[in-house]
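Worksheet for the structure shown next.
Nothing in this text is a laboratory measurement; each read-out follows from the coordinates by a stated rule. Worth saying up front: this structure is predicted, and the values here are computed from it rather than measured. Note: ideal-geometry Cβ built from the backbone for every residue, glycine included; neighbour counts use all protein chains shown.
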Ligand code: GDP
Ligand code: MG
């Protein structure tokens with residue numbers, strides 16, 4: 001899958017201290033290939049990787065982030081951006097609001113019409129009217145009637161008429177008379193784009209002047225979906241896209257391409273055949289889905305928010321100069337605790353993570369440590385070497401621990417200082433922050 005492919009390519013970057021042109025080029029080649037395989041349009045994949053490259057190169061890595069994690073974040077943010085950044089709501093102005101469905105046969109127009117009516121009725125206190133303009137197949141009208149009955153939403157149809165334009169016009173009159181504030185016009189599609197279908201839907205558009213024209217597309221149709229979207233948009237200049245059948249094993253690439261080819265927002269996604277299987281489209285969540293890495297992304301974000309770069313820089317200097325003391329130790333513990341899930345996050349602190357990995361880390365583990373450090377005088381915290389027997393005795397009594405606990409902490413501290421010193425030396429001058 002796309003997410004597995006990307007995960008593998010991000011792994012290449014592991015262990016590097018800084019994102020460089022060489023390791024980015026390797027990773028991006030894989031990312032591009034994965035995008036192409038997931039039905040993302042060639043030009044879009046190229047533009048995408050170029051943008052990511054520009055953002056990644058020279059971006060120095062926060063101490064708390066591994067290069068591959070930073071890369072995931074850049075790719076994630078770029079994906080979300082490509083899909084429009086923010087979610088866009090449906091336009092409900094006008095009395096009544098007229099919403100016109102368009103799309104190929106089988107894309108899910110009728111199903112989505114029902115879902116939308118249901119959403120507007122139950123969540124937005126609207127009184128919608130469904131209109132059956134697919135006059136070619138009696139079964140299509142029946143399908144909409146069944147949905148309407150099931151949802152308690154009225155359906156306007158005219159079995160005598162073969163003219164979808166006049167049915168749509170009559171339906172709007174009907175809505176005004178009966179107090180329906182939203183009119184959802186379901187139309188006929190064909191298996192492929194053809195002139196007769198385009199002429200018909202264009203004529204309906206002209207006659208009823210809808211507030212919202214929605215293009216419904218089956219996300220499983222891949223690259224074809226993009227071409228279809230373009231043809232419909234050229235003719236109708238629609239307002240939004242509905243991606244259906246996202247519940248299956250779809251690759252999601254269509255979502256990326258459609259947005260940037262037609263430059264129209266994706267408004268909803270269909271995630272099943274049932275009437276409540278409808279979600280507002282959130283670009284961020286779709287990016288998560290494509291990457292399959294929602295957890296990593298939020299972990300990285302949390303670390304970025306919480307980890308103070310200046311603090312980290314100061315700490316690095318102190319470690320290098322052998323000045324690491326209990327004040328630093330406790331402030332590191334507090335940093336880790338602020339970030340939440342300690343087990344996951346401890347490893348992000350250089351050196352410290354390694355040292356703490358052998359300890360059974362949980363919130364309670366820190367409680368004893370903190371109590372002991374708090375019982376030290378400022379002078380003792382800054383000069384751990386001065387802790388003799390009687391001082392240890394006093395600290396143990398003050399923190400409600402034993403001299404064995406105090407000695408264990410001192411040993412841990414000693415190991416940590418050594419490992420941090422070693423980590424710092426082996427990494428050379430650690431580059432911090434986002435200097436470009
Ligand atoms: P239309 O020809 O555009 O009106 O398409 P329909 O609404 O009749 O849908 C065609 C088929 O796709 C039907 O069997 C629907 O149940 C199914 N379908 C529509 N939307 C979804 C969806 O989001 N998920 C799944 N799994 N099936 C869907
Ligand atoms: Mg239909």
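Some points to look at:
- Estimated FRET transfer efficiency (residue 199, residue 162; beta-carbon r; R0 22 Å; 0.05): 0.90
- Here 174, 76 are placed in order of increasing Cβ neighbour count within 10 Å, fewest first, which gives 174, 76.
- Globularity ratio of the range 197-239, using Cα Rg and 2.2 N^0.38 Å: 1.21
- Estimated translational D of the range 97-281 in µm²/s (Stokes, Kirkwood radius over Cα pairs; 37 °C; 0.692 mPa s): 203
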